[in-house]
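Taking it in order: structure first as structure tokens, then the write-up.
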Amino acid sequence: MTFQDLNINQAIIKAIEDKKYSKPTEVQTKVIPAVLNGKDLLGCAHTGSGKTAAFAIPMLQLLSEASSSWTDQGKIRALVLAPTRELAIQIGESFSSYGKYLDLKIGVIYGGITPKQHIKVLKREPHILIATPGRLLDLIEKGVADLSAVALFVLDEADQMLDQKMIQDVKAAISKLPSERQNMLFSATMPNEVMKIVNRLLKNPVKIVDRNESLESADIKQLVYCVEEPDKASLLLELLKGKAYESVLVFTRTKKRADKVSKALNVANIRSKAIHGDKNQSERLMALELFKNKEIKVLVATDVAARGIDIKDISLVVNLDIPNVPETFIHRIGRTGRAGKSGLAISFCSTEEKESLMNIEKLQGKSIEIVAR
Ligand code: AMP
């Protein structure tokens, strides 16, 4: 299967060729035709499966085909809601690159930048708006964002939007959309709360890929070290000094621990930065840039801060602790082994965390190899 086989127009094909993708990913071969056919879509796909291009490419195509019939210019035609600013920015970059030979404008708005900057984004009259829910709602309430002409709507990483405030904002934003529209919902996992939104939002959706399939197809080797809390930091140092991993993403449960671990790594001459909710927007973006450019080797992150990070070639994900929510584990390790590359995920498990590890194994339907020390 090639992108040509998916009936994508030449302007988009050219942009895809610039990205040097040789063929569509599995998710793309399923999602692109469904969206082009005007269907609602439920995508159980994890980050790394190529899902952003899977929805961005057909949306760009539908919008460029429809654009000649728009009588009222200057309106937002497509809306993508994403849980974090990092992800919103990344999705915006994807739309811009796949749509670079089209005449469509793309805007991104998120928390942490000044209202003045948002107004500037909206004044440029984007056809496609990518937004985090809270900030979008602010702008709707202020009367600056108008969703009345939105024909395509995407809710991305829906399972990361489950905190009460965000869910309320998502629902409020959806209520401002016109009733005639095409909807897409993507989520790595489908907890009950997401299913409630699915049932309300989607009409006879085409359903694609289940989580286990997508994880298996990503080639991620998983290992566990049994190690108690006080020894975890020194084991991490040992691991990182022992092998020449190029880019390592370390997850910690708390912000304080992320800072502490990052500091210890720097003291040991392993260049590192921490990202978490207490860091401001520019610190977070700076840390991501340094990591992407391989100027630092290790990024230490909390789950919320790491959401949506799309960095190629993460050679190793380390779980310094075992998350209580098994789905979080799937999200974390999905950062390595992206788009067909092989990856490695190493988890440190203390005696108290064994039960959480068992739940993770149950969810994945397989046990994780224990490394003897
Ligand atoms: P996503 O799952 O949308 O976060 O995408 C994961 C990564 O895969 C991104 O870095 C994309 O640039 C990359 N990607 C998307 N589609 C393809 C493709 N067909 N071939 C190779 N890489 C791709």
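The values are calculated or read from the model by the stated rules, or taken from the named source; none is laboratory data. Bear in mind the structure is a predicted one, so any value in this text is a computation, not a measurement. Positions of Cβ are generated from backbone atoms using ideal geometry, with glycine treated the same way; all protein chains shown enter the neighbour counts.
For the range 33-91, which residues satisfy the criterion of being small (Gly, Ala, Ser), surrounded by fewer than 23 Cβ atoms within 10 Å (Cβ to Cβ) and more than 13 Å from the ligand (Cβ to nearest atom)?
Of everything in the range 33-91, those that are small (Gly, Ala, Ser), surrounded by fewer than 23 Cβ atoms within 10 Å (Cβ to Cβ) and more than 13 Å from the ligand (Cβ to nearest atom) turn out to be 34, 38, 64, 66, 67, 68, 69, 74.
For residue 113, which of the numbered conditions (1) in a helix (DSSP H, G or I); (2) away from the ligand (no atom under 16 Å from the Cβ) fails to hold?
Answer for residue 113: the failing condition is (1).
Which residues, counting only those in the range 147-162, are touching a Pro at 6+ places or on another chain (Cβ under 9 Å) and either among the aromatic types (Phe, Trp, Tyr) or more than 20 Å from residue 92 (Cβ to Cβ) (or both)?
148, 159, 162
What helices (runs of 4 or more DSSP H) lie completely within the range 1-77 and have 2 or more residues being small (Gly, Ala, Ser) and touching a residue at least 24 places away in the same chain (Cβ under 8 Å)?
Fully inside the range 1-77 and qualifying: 10-19, 51-66.
Given the options 254, 302, name the one that is among the hydroxyl-bearing types (Ser, Thr, Tyr), crowded, with 20+ Cβ neighbours inside 10 Å, assigned by TED's automatic domain parsing to the domain that holds residue 347 and without any contact (Cβ under 8 Å) to a residue 60 or more places away in the chain.
Step by step, each of 254, 302 is checked, and only 302 is among the hydroxyl-bearing types (Ser, Thr, Tyr), crowded, with 20+ Cβ neighbours inside 10 Å, assigned by TED's automatic domain parsing to the domain that holds residue 347 and without any contact (Cβ under 8 Å) to a residue 60 or more places away in the chain.
Taking the stated definitions as given, is residue 200 touching a residue at least 12 places away in the same chain (Cβ under 8 Å) and basic (Lys, Arg)?
For residue 200, the condition - touching a residue at least 12 places away in the same chain (Cβ under 8 Å) and basic (Lys, Arg) - is not met.
Here are some residues: 76, 89. Which one is modelled with pLDDT under 95 and assigned by TED's automatic domain parsing to the domain that holds residue 126?
Step by step, each of 76, 89 is checked, and only 89 is modelled with pLDDT under 95 and assigned by TED's automatic domain parsing to the domain that holds residue 126.
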